[in-house]
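The next block holds one structure in the form of structure tokens; read it before the comments.
The values are calculated or read from the model by the stated rules, or taken from the named source; none is laboratory data. Every value quoted in this text rests on a predicted model; they were computed, and no experiment measured them. Positions of Cβ are backbone-derived with ideal geometry, glycine not excepted, and every protein chain shown enters the neighbour counts.
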Amino acid sequence: MNIQWFPGHMAKTKKLLLENLKLVDVVIELLDARIPVSSKNPVIDEVLKSKPKIVALNKSDLADEKVLNMWKEWYSSVGYASIFINSIKGTGINQLKNKMRDVMKERIQRDREKGRIFRPVKAMIVGIPNVGKSSLINKISGRGSAITGDRPGVTRGKQWINVNNEIQLLDTPGILWPKFEDQRVGINLAITGAIKDDILDTTELAASLFEILCANYPEYLVKRYKLTTIEGKTGLDLLLEAGKNRGCIISGGQVDMTRIASVVLDELRGGKIGKISLERPEDILH
Ligand SMILES: Nc1nc2c(ncn2[C@@H]2O[C@H](COP(=O)(O)OP(=O)(O)OP(=O)(O)O)[C@@H](O)[C@H]2O)c(=O)[nH]1
Ligand SMILES: [Mg+2]
């Protein structure tokens, strides 16, 4: 499967990030806790250069707790702070705010030394489409000022949100990069909902997801889709069986593969199959 999605508005977003970089004190890079490697946009570090950055991993409520702990250990072993959050419930948000206060203290100190008066800290939130940037801003500000939605490409322009007289946040549109070197990255991004479904072969994608689940979460797969055995079967075989079991049938008695594929992808994205991580720290090495 060859997945690429870099429409014109994302090229514009890269320019927008560059233009606004000089206006902000810190950048919050939001990753998806289920795919910490695939959701890391290589273009972002290239754009940021020496600007201070805080990394937060969102949707941690949907990820496998055991794997999350492996990631926490991995991040600390390489000397990075990692903050795992849930932008809907608010888990981890205080930790993130504390990190922002640290940046603010340093800034206030520098301003004082230069004899400048107090200015609020400005933070720009960046990340892949649909990762929860606007939801995070709403959670931090306690208001619903940023529009959110369960599909990629909801935010189309920049929007400043004043949290209080200390913090201002800049919401930005989700951004990907022109070419995924490794197709597993494209698949992970597509499965978790960072890529528009209209441009995907969703049947092939759901079959790939079934193969990943067969390898790492076989018990969830069998239980959710009432499969008999999974050994020796391809993802497509299993998807067909799931379609039959769910009654996704078209006239003539054939399985409606597009429908079952969309059901499966929706259920994964909604956390209904189980708490699932698609990447582990050891994947960085391969
Ligand atoms: N389960 C869960 N869902 C979340 C979390 N954060 C955001 N969401 C959901 O993810 C979807 C996308 O959220 P948005 O805040 O619109 O994402 P975004 O990054 O601003 O997306 P774009 O503007 O399209 O780039 C919405 O359906 C949110 O309700 C989270 O921590 N956990
Ligand atoms: Mg948004």
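Couple of notes before you dig in:
- Number of the condition not met by Ala63 [criteria: (1) over 22 Å from Thr172 (Cα atoms); (2) buried (at least 21 other Cβ atoms within 10 Å of the Cβ); (3) near ligand 1 (Cβ under 8 Å from one of its atoms)]: (3)
- Taking the numbered list (1) under 28 Å from the mean Cα position of the chain (by Cα); (2) closer than 19 Å to Val55 by Cβ in turn, Asn138 passes all entries but (2).
- Which listed residue is within 16 Å of ligand 2 (Cβ to nearest atom) and among the aliphatic types (A, V, I, L, M), from Ile28, Ile93, Ile54: Ile28
- Cβ-Cβ distances below 7 Å connect the following pairs, each with a first residue in the range 143-167 that is more than 22 Å from Asn98 (Cα to Cα), a second residue that is hydrophobic (A, V, I, L, M, F, W, C) and within 6 Å of ligand 1 (Cβ to nearest atom), and a separation of six or more residues or different chains: Ile147/Val154; Thr148/Val154.
- Which listed residue, of Val78, Val47, is within 22 Å of the chain's Cα centre (by Cα), touching a residue at least 24 places away in the same chain (Cβ under 8 Å) and either assigned by TED's automatic domain parsing to the domain that holds Ile161 or surrounded by fewer than 21 Cβ atoms within 10 Å (Cβ to Cβ) (or both): Val47
- Of everything in the range 90-119 that is within 13 Å of ligand 1 (Cβ to nearest atom) and either farther than 16 Å from Asp32 by Cβ or among the basic types (Lys, Arg) (or both), the residue that is surrounded by the most Cβ atoms within 10 Å (Cβ to Cβ) is Ile93.
- Selection within the range 248-266: residues that are under 24 Å from the mean Cα position of the chain (by Cα) and crowded, with 16+ Cβ neighbours inside 10 Å. The member of this set that is farthest from ligand 1 (Cβ to nearest atom) is Ile260.
- Residue, surrounded by the fewest Cβ atoms within 10 Å (Cβ to Cβ), within the range 129-144, restricted to residues that are within 12 Å of ligand 1 (Cβ to nearest atom) and in a loop (DSSP other than H, G, I, E, B): Gly144
- The set of residues in the range 8-26 that are within 15 Å of ligand 1 (Cβ to nearest atom) and in contact with a helix residue (DSSP H, G or I) (Cβ under 6 Å, 6 or more places away or on another chain) contains only Leu17.
- Test: Lys122 is part of a loop (DSSP other than H, G, I, E, B), of a type in the set (D, E, K, R) and away from ligand 1 (no atom under 16 Å from the Cβ): no
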